[in-house]
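One structure is given below, encoded as structure tokens.
The values are calculated or read from the model by the stated rules, or taken from the named source; none is laboratory data. Every value quoted in this text rests on a predicted model; they were computed, and no experiment measured them. For neighbour counting, all protein chains shown are included, and Cβ atoms are generated from backbone atoms with ideal geometry for every residue, glycine included.
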Amino acid sequence: MERRTFLRTTMYGLAGAGVASGLYAWQVEPFWLEFVTIKMPVKNLPDALIGKTLMQISDLHIGKRFDYRFVIDSLQRAKEYKPDFVVYTGDYISLHNGEVQYDELHEVLQHIVHGELGTVGILGNHDYGKNWRQANVADTIATLLSDNGIVMLRNTRQEFNGLNVIGFDDYWGLNFHPEEVMGNHQPEKATIVLCHNPDVCDTDVWNGYRGWILSGHTHGGQCKPPFLPPPMLPVKNKRYSSGVIDIDNDRTLYVNRALGHLWQVRFNVRPEITLFELMKG
């Protein structure tokens with residue numbers, strides 16, 4: 001093959017590969033849901049809860065940046081697992097031209113997954129509207145979720161059949177006061193903590209808590225080069241990308257990669273719903 005022909009063929013091949021990768025990242029992976037299954041040892045777990053399932057769904061981002069019917073379809077698939085507990089870890093909406101798509105969110109919430117023993121939610125930064133500073137948006141979203149059977153935890157706790165769930169309000173929002181609930185933390189109870197932004201793990205709010213912390217927020221970076229860390233993560237601690245992360249003081253963080261996305265593009269970071277199997281810690 002002549003050198004000129006070889007170079008031309010190579011360039012066409014690279015261009016074709018680039019187009020194919022772009023189409024995949026735009027039209028395939030953003031809608032290629034993965035159900036991730038993980039064992040969750042919990043200290044002081046009642047015998048009656050051994051083997052029960054806890055489903056985490058995070059970052060729906062309902063708006064106009066992608067076809068939210070994907071979220072509805074995903075929730076319908078998730079119902080087939082018949083989880084015992086379901087936790088939602090924030091960011092239910094994305095703004096569009098500064099407006100919240102309440103009608104679209106209301107439609108999605110008609111298909112929400114409920115746990116047989118408990119259904120819990122917390123808020124994320126996007127749920128606070130523009131610049132995370134619109135308390136009325138957060139209150140409206142919390143009311144919509146509550147009206148659809150989700151117990152909203154905003155620096156509060158709730159016990160469900162022997163499982164104690166603590167929920168923080170969002171780290172970047174207007175109501176981050178974890179001391180209100182952690183001040184009287186009861187370590188003898190089987191407990192998990194929900195906090196949207198995993199950077200909270202590095203703050204001095206835990207009061208000796210030892211156990212699982214379930215977060216979202218990062219989307220795993222949405223695009224991740226093979227064998228390299230994601231180039232963009234909205235956290236200070238770049239360890240907090242996705243998956244299981246061991247933290248000091250016997251705490252375990254899990255960062256969910258999100259079901260929705262801020263923009264319709266993903267590469268090597270599929271959307272996720274997580275299914276934990278509860279075990280004795």
Of the residues in the stretch 229-247, those that are surrounded by fewer than 20 Cβ atoms within 10 Å (Cβ to Cβ) and not hydrophobic (A, V, I, L, M, F, W, C) come to 229, 230, 231, 234, 236, 237, 238, 239, 243, 246
Note on the stretch 153-172: residues surrounded by fewer than 17 Cβ atoms within 10 Å (Cβ to Cβ) and either of a type in the set (Val, Ile, Thr) or farther than 18 Å from residue 45 by Cα (or both) are 156
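What residue, of 125, 131, is polar (S, T, N, Q) and touching a helix residue (DSSP H, G or I) at 6+ places or on another chain (Cβ under 7 Å)?
Values: 131 fails: touching a helix residue (DSSP H, G or I) at 6+ places or on another chain (Cβ under 7 Å).
The unique qualifying residue is 125.
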Checking the structure you have, find out if any residue of the stretch 242-255 is free of Cβ contacts under 8 Å to residues at least 40 places away in the same chain and within 12 Å of the chain's Cα centre (by Cα). yes
Pairing a residue in the stretch 69-81 that is free of Cβ contacts under 8 Å to residues at least 40 places away in the same chain with any residue that is assigned to a helix (DSSP H, G or I), where Cβ atoms lie under 6 Å and the two sit 6 or more apart in sequence or on different chains, gives 72/108
Sole miss for residue 98 among (1) touching a Phe, Trp or Tyr at 6+ places or on another chain (Cβ under 6 Å); (2) of a type in the set (Gly, Ala, Ser); (3) over 22 Å from residue 200 (Cα atoms) is condition (1)
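Residue check: is residue 58 crowded, with 23+ Cβ neighbours inside 10 Å and of a type in the set (Ser, Thr, Tyr)?
Working: crowded, with 23+ Cβ neighbours inside 10 Å: yes; of a type in the set (Ser, Thr, Tyr): yes.
In short, yes.
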Per the filter on the stretch 126-152, residues surrounded by 21 or more Cβ atoms within 10 Å (Cβ to Cβ) and charged (D, E, K, R) are 127
Here the qualifying pairs (Cβ atoms under 6 Å; residues six or more apart or on different chains; first in the stretch 20-39 and at pLDDT 95 or above; second part of a helix (DSSP H, G or I) and aromatic (Phe, Trp, Tyr)) come out as 31/70
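Report whether or not residue 179 is surrounded by fewer than 19 Cβ atoms within 10 Å (Cβ to Cβ), touching a residue at least 40 places away in the same chain (Cβ under 8 Å) and among the charged types (D, E, K, R). Lay out the reasoning, then the answer.
Numbers: surrounded by fewer than 19 Cβ atoms within 10 Å (Cβ to Cβ): yes; touching a residue at least 40 places away in the same chain (Cβ under 8 Å): no; among the charged types (D, E, K, R): yes.
No.
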Residues in the stretch 87-133 that are without any contact (Cβ under 8 Å) to a residue 40 or more places away in the chain and farther than 16 Å from residue 147 by Cβ total 10
Within the stretch 248-263, restricting to residues that are modelled with pLDDT of 95 or more and within 10 Å of residue 211 (Cα to Cα), the one that is surrounded by the most Cβ atoms within 10 Å (Cβ to Cβ) is 253
